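Working notes, beginning with the structure itself.
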Amino acid sequence: MRYTPAALALSLAFGLTASVLYSAPSSVLDPRASALVSEGRGAVASGNLEQAVDNFEAALAIQPGSVTVMLELADATRRQGMQGKALHYYRVALVQDPQNIEAITGEGTALVEKGAVEKAKRSLARLTTLCGKTCPQTKQLALAIAKGPTPRMVSADEVKPTPVVSQN
């Protein structure tokens, strides 16, 4: 019984140090990653999405797990038309930060573009509970859902070859 207070104090000290070691990672970007992200944003603005994705992937290699870089990469791949890859990046960001409004909005938009409107409506409901109906991200996702998925398939009737007759 006489060791109980000492054992309690020692376990409290170990508990505190363990919780400090598992705290959230810093959101400050490494200067090299920050430079690559700004180059990638410039490439997106100029329409060079391949270069933007390369820059964001390099920034992610420098600072793995950065939610900021992950969201930029997801947005760039979504703009390229690779919604499946963008969904992966959005979901990785949501694992690290489950209430990230930008990630939920991007995920919902990518789902709509892919044709999964019902899943996008679930993202909209989640977004509405987090920031309300007047939030700009909620309005953006609601507009994307109202617009509907982008048609991707080309029918065979639209691409009929014209027969060419030539003499031998």
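Do we find that Val112 is under 14 Å from the mean Cα position of the chain (by Cα) and either at pLDDT 90 or above or in a helix (DSSP H, G or I) (or both) in this structure? Against the criterion (under 14 Å from the mean Cα position of the chain (by Cα) and either at pLDDT 90 or above or in a helix (DSSP H, G or I) (or both)), Val112 does not qualify. Residue pairs whose Cβ atoms lie under 6 Å apart, sitting 6 or more positions apart in sequence or on different chains, and linking a residue in segment 36-48 that is more than 13 Å from Asp75 (Cα to Cα) to a partner that is among the hydrophobic types (A, V, I, L, M, F, W, C) and in a helix (DSSP H, G or I), are Leu36/Ala58; Leu36/Ala59. Restricting Ala103, Ala120, Ala144, Ala76 to residues that are assigned by TED's automatic domain parsing to the domain that holds Ala43, crowded, with 16+ Cβ neighbours inside 10 Å, free of Cβ contacts under 8 Å to residues at least 60 places away in the same chain and in a helix (DSSP H, G or I) narrows the list to Ala76. Taken over segment 28-73, the criterion of being among the charged types (D, E, K, R) and either in a helix (DSSP H, G or I) or under 24 Å from Leu111 (Cβ atoms) (or both) is satisfied by Arg32, Glu39, Arg41, Glu50, Asp54, Glu57, Glu72.
The values are calculated or read from the model by the stated rules, or taken from the named source; none is laboratory data. Computed from a predicted model, the values in this text were never measured in an experiment. All Cβ positions, glycine included, derive from the backbone under ideal geometry; neighbour counts span all protein chains shown.
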